[in-house]
Every structure is written in C-alpha cells, then in structure tokens.
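Before any comments, here is the structure.
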Amino acid sequence: MILVTGATGTVGRLALERLPADCAVRVLARDPSRVAVPRKGVEVVRADYRDPASLGKALRGVHRALLVTSRVGGDDDVVFLRAARRAGVRRVTKLSAAAVVDVRAQDLITRWQRDCEAALTSSGLEWTLLRPRAFMSNVLSWASSVRTESLVRGLYGHAPNACVHPRDIADVAVLALTEDGHAGRAYTLTGPQPLSAVEQVEQLAEVLGRRLRFEEMEPPQARAALLRRHSGSMADALLDSALRQKAGSKAQVLDTVRAVTGGEPRSFRSWAQEHAGAFGPAREQATRSTKFSERGSPLTGHAVSL
C-alpha cells in the first residue's frame, strides 16, 4: 500500500495521477472532498497531521508514503514520522527543496526544511529526498495581471533560476515510491536551463501570441506586496531567497531528472503551452516568432521563490 499526502497540491496531485493502476493507493487529506481521484480503487481517508490518532488509522497497512508538508515552523513531519514508525511504514519519500544544500540559505523556510529532512533521515525509516528548484507552475501567480494588464511585476527580473516542471518532480516521486534502489538518495531536481523572469515572460508572450510587459519592482515594493499575504518572517525569507537568486545561486542545471527517469527534463516553453489557458485567450498575430515581451518589472511570485 502506498500513501499519498499533499494530493490537493501540485506535486502530490500529479504523483497520484501517475501511480500505476496495479498499485494499492490511499490518499490522506484533511478535506477528502478536495481530492481529485484519478481512478477507481484509490482510497481517500480523512486525517490531519495535528491528530495523531487519525494518522494512525490512515497509515494502517501502508508500506511506502509520499510526505508533503507546508506548515513552516510546524512539527507535522515529526508527528507523521512517529505515526509511520508505529504503523510499520518502511519507506518515506519526502518533498523538500534545493535550498537546503545552499550554505548561504539561512532563512526561516530553509531552516525548517532542513529540520524536516533531519527528522526523516534520523527516523530509522528508509528515505528518499526530493529537492526541486522552483516550480515552473509558480508563474501561475502572474495570471491575473497578464489577463487584465498584459503585465508581470517582479523583483530581480534578470536573476536566473533553473526552475523545474512539476511533472518531472512527480515522475521521480513515483519511481521512488514504486521501485527499489532509491532508498538513502537525495535528488536535486532542475529544469533543462536557467531562466530569468524576464526570459519566462518572453517565452510566455510567444506562446500566447500577445505582447507582454515586465515591470521591475524595487525591494520595498516587493516587501509590501509580500506582507499583504505573509508574515514578516515569511516575507524576509522570500526576500532572502530572491537575493540568493540574484547572486546566481539557483542557476545550476543538473541532469538528475534524466538520470532517474531516463527522459529529458521538460522545458518552460512546454509548461507554458500546457497552461496557456490560465493566462487568458491568445490573440492571433501575423507571426508567432516575433518577440512580444518588453522590458518593464519582476514579479513577487517566481522571482522570490525558493
């Protein structure tokens, strides 16, 4: 039995869709009504990291699990792993982040991620760590301004990031859950090339056949925007991450996706083509090869992602 957590999020949902039909699969969710069940036979159970008794029931009979947590600073991983040991789970595949191996990353989010990894690697369970760069899907946070203003705003727009397609992360997760040979491995996952937010806007504009403008934000503007959605400590963590990206710490491309899956990592252009509808209807242009984007400003979504 394989248990999937985080099935209402990006990677958990995609991993759930990709698990082989002959696998016994159970999904843990606080709200089962939000889970899109991809096929018959997938069991969805109500459980919460803050309710150890519910975790024990959800983990009964489970041998391998995909662990996705998001409550920064919380002890969800510790609580889950304690319940997993009691239930006899053998291996846990954990979604982490590439920033954990950057010694310059000492922000709140990265310190929490390191603590979560340490809880797993010291748990006595077999483990596999997935450490992706920023998700290409982070640029969905641009959708509203692209639809209404043909504009993307962001911080450090020319800072490169080897962002990764979420499907590639999910493919590696599925292999770690269903194959032997992945225990004790930590996989840092990147896309095929480093791209700045400006370059992403250019490619998105070409895919949409629309003229898009990029508008650079100043750090005080970016901080104010972040504080409308996050606490001060979270905003500081995201701004610290953006500075590391500006310094080039997220530009390295690794061949991990190809080495693990046997396939080439998916490009940002392919992601944009798959999700073009989220940014509004495309307007037909005389030629699709024209560069439609104009320099303007960076966004507070992808440009400050970990």
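The values are calculated or read from the model by the stated rules, or taken from the named source; none is laboratory data. These numbers come from a predicted model, not from an experiment. Neighbour counts run over all protein chains shown; Cβ positions are idealised from the backbone, glycine included.
Could you look through segment 34-54, keep only residues that are of a type in the set (Gly, Ala, Ser) and out of contact with any strand residue (DSSP E or B) (no Cβ under 9 Å at 6 or more places or on another chain), and pick out the one that is farthest from Gly12 (Cα to Cα)?
Ala53
Looking at segment 130-143, is at least one residue touching a His at 6+ places or on another chain (Cβ under 9 Å) and assigned to a strand (DSSP E or B)?
Checking segment 130-143: at least one residue is touching a His at 6+ places or on another chain (Cβ under 9 Å) and assigned to a strand (DSSP E or B).
If you check Leu120 against the conditions, is it out of contact with any Gly (no Cβ under 8 Å at 6 or more places or on another chain), buried (at least 18 other Cβ atoms within 10 Å of the Cβ) and outside any strand (DSSP E or B)?
For Leu120, the condition - out of contact with any Gly (no Cβ under 8 Å at 6 or more places or on another chain), buried (at least 18 other Cβ atoms within 10 Å of the Cβ) and outside any strand (DSSP E or B) - is met.
What number of residues within segment 79-110 are assigned to a helix (DSSP H, G or I) and either closer than 20 Å to Val11 by Cα or not basic (Lys, Arg) (or both)?
Selection size over segment 79-110: 13.
Quick check on this structure: which one of Ala98, Ala105, Ala118 is of a type in the set (A, V, I, L, M), over 16 Å from Leu66 (Cβ atoms), in contact with a strand residue (DSSP E or B) (Cβ under 8 Å, 6 or more places away or on another chain) and not assigned by TED's automatic domain parsing to the domain that holds Gly277?
So the residue among Ala98, Ala105, Ala118 that is of a type in the set (A, V, I, L, M), over 16 Å from Leu66 (Cβ atoms), in contact with a strand residue (DSSP E or B) (Cβ under 8 Å, 6 or more places away or on another chain) and not assigned by TED's automatic domain parsing to the domain that holds Gly277 is Ala98.
Only residues in segment 214-228 that are touching a residue at least 24 places away in the same chain (Cβ under 8 Å) and part of a helix (DSSP H, G or I) count as the first member; pair them with residues that are of a type in the set (Gly, Ala, Ser) and surrounded by 12 or more Cβ atoms within 10 Å (Cβ to Cβ), Cβ under 6 angstrom, at least 6 apart or cross-chain, and list the lot.
Leu226/Ala235
Among the residues of segment 169-186, is any over 28 Å from Met1 (Cβ atoms), surrounded by 24 or more Cβ atoms within 10 Å (Cβ to Cβ) and either at pLDDT 95 or above or not acidic (Asp, Glu) (or both)?
no
Got a sec? Which of Pro132, Pro166 is touching a strand residue (DSSP E or B) at 6+ places or on another chain (Cβ under 9 Å), of a type outside the set (A, V, I, L, M, F, W, C), closer than 18 Å to Arg269 by Cα and modelled with pLDDT of 95 or more? Talk me through it step by step, then tell me what you get.
Working: Pro132 fails: closer than 18 Å to Arg269 by Cα.
When all the criteria are applied, what remains is Pro166.
Under 8 Å between Cβ atoms, which residue pairs at least 6 apart in sequence (or on different chains) link something in segment 79-107 that is closer than 21 Å to Gly56 by Cα with a partner that is crowded, with 18+ Cβ neighbours inside 10 Å and of a type in the set (Phe, Trp, Tyr)?
Pairs found: Val79/Tyr49; Phe80/Tyr49; Arg91/Trp127; Val92/Trp127; Thr93/Trp127; Lys94/Trp127.
Out of the residues in segment 240-276 meeting the condition of being among the basic types (Lys, Arg) and either within 28 Å of Met217 (Cβ to Cβ) or touching a residue at least 24 places away in the same chain (Cβ under 8 Å) (or both), tell me which one is surrounded by the fewest Cβ atoms within 10 Å (Cβ to Cβ).
The initial filter retains those residues of segment 240-276 that are among the basic types (Lys, Arg), namely 244, 246, 250, 258, 266, 269.
Retained after the next criterion (residues that are either within 28 Å of Met217 (Cβ to Cβ) or touching a residue at least 24 places away in the same chain (Cβ under 8 Å) (or both)): 244, 246, 250, 266, 269.
On the way: Arg244: 18, Lys246: 18, Lys250: 24, Arg266: 19, Arg269: 15.
By that ranking, first place goes to Arg269.
Taking strands (runs of 3 or more DSSP E) that fall entirely within segment 1-78, which contain at least 2 residues that are more than 26 Å from Ala97 (Cα to Cα)?
Qualifying strands (runs of 3 or more DSSP E): 43-46.
Give me the residue from segment 123-149 that is among the basic types (Lys, Arg) and crowded, with 16+ Cβ neighbours inside 10 Å and, out of that set, nearest to Leu208 (Cα to Cα). Before the answer, list the steps.
Residues of segment 123-149 that are among the basic types (Lys, Arg), as a first pass: 131, 133, 147.
Adding the requirement that they be crowded, with 16+ Cβ neighbours inside 10 Å leaves 131, 133.
Details: Arg131: 31, Arg133: 25 Å.
Filtering segment 123-149 for residues that are among the basic types (Lys, Arg) and crowded, with 16+ Cβ neighbours inside 10 Å, the one nearest to Leu208 (Cα to Cα) comes out as Arg133.
Among the listed residues Arg26, Arg82, Arg13, which satisfies the condition of being touching a strand residue (DSSP E or B) at 6+ places or on another chain (Cβ under 6 Å), crowded, with 16+ Cβ neighbours inside 10 Å and of a type outside the set (Val, Ile, Thr)?
None of the others qualify; the one that does is Arg26.
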